[in-house]
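For reference, the structure is listed below as structure tokens.
The values are calculated or read from the model by the stated rules, or taken from the named source; none is laboratory data. Bear in mind the structure is a predicted one, so any value in this text is a computation, not a measurement. Cβ placement follows ideal geometry from the backbone for every residue including glycine, while neighbour counts extend to all protein chains displayed.
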Amino acid sequence: MFSTNGYAAMAAKEPLQPFSFERRAVGSHDVLISITHCGICHSDIHQARDEWGGSIFPMVPGHEIVGTVAQVGSSVRRFKAGDPVGVGCFVDSCRTCSACREGLEQYCDVGMLLTYNAQDKEGRTTQGGYSARIVVDEHYVLRIPPSLSPAGAAPLLCAGITTYSPLRHWGVGKYHKLAVIGLGGLGHMAVKIANALGTEVTVLSTSKCKREDAERLGAADFAVTSQPQTFTRLQRHFDFILDTVSARHDYNAYISLLKTDGTMILVGAPDTPAPLEPFPLIMHRRRIAGSLIGGIRETQEMLDFCAEHNIESDIEVIPIQQVNEAYERILRSDVRFRFVIDLDSLA
Ligand code: NAP
Ligand code: ZN
Ligand code: ZN
């Protein structure tokens, strides 16, 4: 065991504060990572405030982790000291169920081990990336392509893979029209990735001030959801809708924007359910689906895809001392488009 420091929520709804804690010693299959950057995902806020229930405190959030390898265990062959690496939303899984064998560790039968807010086999609470160092089994460590900047790559570890995975799973491509609801951390990555896949993207947003950004990011169209004419103009327009909204909202109005056989994919995870009307689905054989992050193999594929297409996240880098203020700004949809903590600020 060794001691490291970071920022933690000590209880639900309390501001995060400086926190020292123990990490496990580097085992033979482990990689010790010196963390340089960590993105702030809205899921960090949901969990730090116990909005989904079952949160474990004290909690060091952070699952968009980038850093350099400081040390490797005796059996590690894939990484060496100095390598740029990343860690996403989970750090272990059973490795034997069919999902794990297929590279879909996020759907592990036994349950993936979350990077933070979970208990490992030894009963230790996992702690995330708002910290100086982390120890992770090499199988759950990603390679960061050298052409990507560490800060701009960090949000790819969650926002990037969460939007890449469903777009690939449903084969969203050149001949499709896609709506992205919510232009936040996930939404802006969805626009960039779908654009690189040749898809025609429309952003549906509550913030009319985001129009120019949406176009710069590669959207062909932009519509404000508070205007009723948006829903008449875009009736039966889309093959796919990717819903990234973090708060409770009405799904039914959006479903009517799908063509016959269209699919609405939920990735946004509000803490309260919203009603679903059967008729908008029945009338045009529409589908509603969900998707959870992505497996290790696909996350590496996404990182390489982003490097090939020069895709990074649009970020605002902050010192860790500003994390509570950043949470408040995220809740006001006031971020373009991801906060990334510079962990040098911990020193
Ligand atoms: P974010 O940066 O806060 O973006 C969410 C966006 O949703 C906001 O920027 C805003 O965009 C829109 N929005 C917010 N409140 C709204 C409301 N009341 N009605 C309509 N639109 C609203 O959050 P994020 O980090 O992208 O995460 C988004 C959600 O995805 C969170 O619930 C998070 O927990 C979840 N998530 C899921 C997965 C997964 O695997 N499925 C992975 C990561 C995150 P506009 O200003 O454009 O309206
Ligand atoms: Zn996340
Ligand atoms: Zn498994």
Looking at (1) within 14 Å of ligand 1 (Cβ to nearest atom); (2) surrounded by fewer than 19 Cβ atoms within 10 Å (Cβ to Cβ), which one does Thr163 not meet, given that it meets all the others? (2)
Considering (1) within 16 Å of ligand 2 (Cβ to nearest atom); (2) touching a His at 6+ places or on another chain (Cβ under 9 Å), say which one Arg95 fails and leave the rest. (1)
Which ones in region 46-86 are closer than 22 Å to Thr4 by Cα, among the aliphatic types (A, V, I, L, M) and touching an Asp or Glu at 6+ places or on another chain (Cβ under 8 Å)? Val69, Val72
If Thr68 meets every condition in (1) over 28 Å from Lys13 (Cβ atoms); (2) surrounded by fewer than 24 Cβ atoms within 10 Å (Cβ to Cβ); (3) out of contact with any strand residue (DSSP E or B) (no Cβ under 6 Å at 6 or more places or on another chain) apart from one, which number is that one? (3)
Can you tell me which of (1) within 16 Å of ligand 1 (Cβ to nearest atom); (2) farther than 21 Å from Phe19 by Cβ; (3) touching a Phe, Trp or Tyr at 6+ places or on another chain (Cβ under 9 Å) is the one Arg143 doesn't meet? (1)
Name the one entry in Pro278, Pro270 that is farther than 17 Å from Cys89 by Cβ and either touching a Ser or Thr at 6+ places or on another chain (Cβ under 9 Å) or of a type in the set (Asp, Glu) (or both). Pro270
Out of the strands (runs of 3 or more DSSP E) lying entirely within region 283-347, which hold 3 or more residues that are within 16 Å of ligand 2 (Cβ to nearest atom) and surrounded by fewer than 19 Cβ atoms within 10 Å (Cβ to Cβ)? none
From the list Arg78, Arg95, Arg49, which one is within 16 Å of ligand 1 (Cβ to nearest atom) and in contact (Cβ under 8 Å) with a residue 24 or more places away in the chain? Arg49
Cβ pairs under 6 Å, 6+ apart, first in region 33-44 and aliphatic (A, V, I, L, M), second within 16 Å of ligand 1 (Cβ to nearest atom) and part of a strand (DSSP E or B): Ile35/Ile65; Ile40/Phe339
Subset of region 240-282 that is assigned to a loop (DSSP other than H, G, I, E, B) and among the polar types (S, T, N, Q) - its residue that is nearest to Val191 (Cα to Cα): Thr244
Filter region 330-347 down to residues that are basic (Lys, Arg) and touching a residue at least 12 places away in the same chain (Cβ under 8 Å), then give me how many there are. 2
If I ask for residues that are under 15 Å from Leu16 (Cβ atoms) and among the hydrophobic types (A, V, I, L, M, F, W, C), which ones from region 44-55 would you list? Ile45, Ala48
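Leu148: within 14 Å of ligand 3 (Cβ to nearest atom), surrounded by fewer than 23 Cβ atoms within 10 Å (Cβ to Cβ), closer than 28 Å to Arg338 by Cβ and not small (Gly, Ala, Ser), yes or no?
Numbers: within 14 Å of ligand 3 (Cβ to nearest atom): no; surrounded by fewer than 23 Cβ atoms within 10 Å (Cβ to Cβ): yes; closer than 28 Å to Arg338 by Cβ: yes; not small (Gly, Ala, Ser): yes.
Answer is no for this residue.
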Any residue in region 188-200 that's surrounded by 19 or more Cβ atoms within 10 Å (Cβ to Cβ) and among the basic types (Lys, Arg): show its pairings with residues that are part of a loop (DSSP other than H, G, I, E, B) and at pLDDT 95 or above at Cβ separation under 8 Å, as long as the two are six or more apart or on different chains. Lys192/Gly218; Lys192/Ile311
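State which residue is surrounded by the most Cβ atoms within 10 Å (Cβ to Cβ) when the search covers only region 261-282 and only residues that are touching a Lys or Arg at 6+ places or on another chain (Cβ under 6 Å) and over 19 Å from Ile45 (Cα atoms).
Gly262
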Tell me whether region 213-226 contains one or more residues that are modelled with pLDDT of 95 or more, within 19 Å of Ile288 (Cβ to Cβ) and surrounded by fewer than 19 Cβ atoms within 10 Å (Cβ to Cβ). no
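Residues Asp243, Asp239, Asp250, Asp261: which one is over 23 Å from Val335 (Cβ atoms), of a type in the set (Asp, Glu) and within 15 Å of ligand 1 (Cβ to nearest atom)? Talk me through it step by step, then tell me what you get.
Numbers: Asp243 fails: over 23 Å from Val335 (Cβ atoms); Asp239 fails: within 15 Å of ligand 1 (Cβ to nearest atom); Asp261 fails: within 15 Å of ligand 1 (Cβ to nearest atom).
Of Asp243, Asp239, Asp250, Asp261, the one residue that is over 23 Å from Val335 (Cβ atoms), of a type in the set (Asp, Glu) and within 15 Å of ligand 1 (Cβ to nearest atom) is Asp250.
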For region 98-148, give me the residue count where each residue is touching a residue at least 60 places away in the same chain (Cβ under 8 Å), within 16 Å of ligand 2 (Cβ to nearest atom) and more than 23 Å from Lys80 (Cβ to Cβ). 8
Among (1) in contact with a His (Cβ under 9 Å, 6 or more places away or on another chain); (2) not in a loop (DSSP other than H, G, I, E, B), which single condition is Arg236 missing? (2)
